[in-house]
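Here the structure is laid out as structure tokens; the discussion comes afterwards.
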Amino acid sequence: MTCNVVLSAKEFRKFTFFDIIRRRKMYKSPVTFSLILLISALICFLLHDIEGAIMLGTLLLVVGLGVPAVYFSTFHLSLNKQVKLQSLKEPRKVYTVSLSRGGIDASNATENVSIAWDEIHHIYKAKSALYLYYTQHKAFILPFSCFDVPPSDVWDLITSIVEEERRSII
């Protein structure tokens, strides 16, 4: 099964959102920090009789709401920058991946690599693509539209080779 990966900005954004937000859960720190500040602001507002409590509560509220706003705005801007850096405004061919019982062969204009199935870190099946992580932080994005066979055949091959704990449907 061969996948000539023609990657679009939309597919890249879906993958990046999944990787950063859902898989790595990198939103937790700014959200936790924000919740602590918002709870502190609420306590300050409840203690409004104390001098300066309202001003401190307002400051904590502004910072508590500002941190996640800045975090997610920065994430969105950096994602747009990556789309531009990767020249994905228009879909383009980025690499070719072949899946077989013997393993995975991937190549682009400058490199070729072969990976055994037991070296795969994890495989995620999304609605429109497979995310094949060959290390904990590196993955191939394999849109189903780029395969030469139906998506069900690709997933059947993977389920017959890769153990259940190393594959997920998202």
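The values are calculated or read from the model by the stated rules, or taken from the named source; none is laboratory data. Worth saying up front: this structure is predicted, and the values here are computed from it rather than measured. Because the Cβ atoms are built from the backbone with ideal geometry, glycine has one as well, and the counts that use them run over all protein chains shown. All accessible areas refer to the heavy atoms of the entire protein, side chains included, with ligands and DNA or RNA removed. Shrake-Rupley method; radii C 1.70, N 1.55, O 1.52, S 1.80 Å.
Among the residues of the range 12-47, those that are touching a residue at least 12 places away in the same chain (Cβ under 8 Å), within 20 Å of A69 (Cβ to Cβ) and over 28 Å from the mean Cα position of the chain (by Cα) comprise S40, A41, L42.
Would you call D105 surrounded by 13 or more Cβ atoms within 10 Å (Cβ to Cβ) and not in a helix (DSSP H, G or I)? Before you say what the answer is, go through the steps one by one.
Details: surrounded by 13 or more Cβ atoms within 10 Å (Cβ to Cβ): yes; not in a helix (DSSP H, G or I): yes.
Yes: the conditions hold for D105.
Look through I161, I169 and report the one residue that is open to solvent by 20 Å² or more (accessible area, probe 1.4 Å), over 22 Å from the mean Cα position of the chain (by Cα) and in contact (Cβ under 8 Å) with a residue 12 or more places away in the chain.
Details: I169 fails: over 22 Å from the mean Cα position of the chain (by Cα).
Selected residue: I161, the only one of I161, I169 that is open to solvent by 20 Å² or more (accessible area, probe 1.4 Å), over 22 Å from the mean Cα position of the chain (by Cα) and in contact (Cβ under 8 Å) with a residue 12 or more places away in the chain.
Counting only helices (runs of 4 or more DSSP H) that sit completely within the range 1-95, those holding 3 or more residues that are of a type in the set (F, W, Y) and either open to solvent by less than 60 Å² (accessible area, probe 1.4 Å) or under 30 Å from D148 (Cβ atoms) (or both) correspond to 9-17. Of all residues in the range 101-129, those that are farther than 22 Å from D153 by Cβ have Cβ atoms under 9 Å from Cβ atoms of residues that are in a loop (DSSP other than H, G, I, E, B), 6 or more apart or on another chain, in V113/Y134; E119/Y134; E119/T135; H121/Y134; H121/T135; H121/Q136; H121/H137; H121/K138. Does at least one position in the range 125-132 carry a residue that is closer than 24 Å to I20 by Cα, under 17 Å from the mean Cα position of the chain (by Cα) and open to solvent by 40 Å² or more (accessible area, probe 1.4 Å)? Yes, that holds for at least one residue.
For the range 117-170, which positions are assigned to a helix (DSSP H, G or I) and touching a helix residue (DSSP H, G or I) at 6+ places or on another chain (Cβ under 8 Å)?
Let us first name the residues in the range 117-170 that are assigned to a helix (DSSP H, G or I), namely 117-119, 144-146, 151-161, 164-166.
Hits for the range 117-170 are W117, F144, P151, V154, I161.
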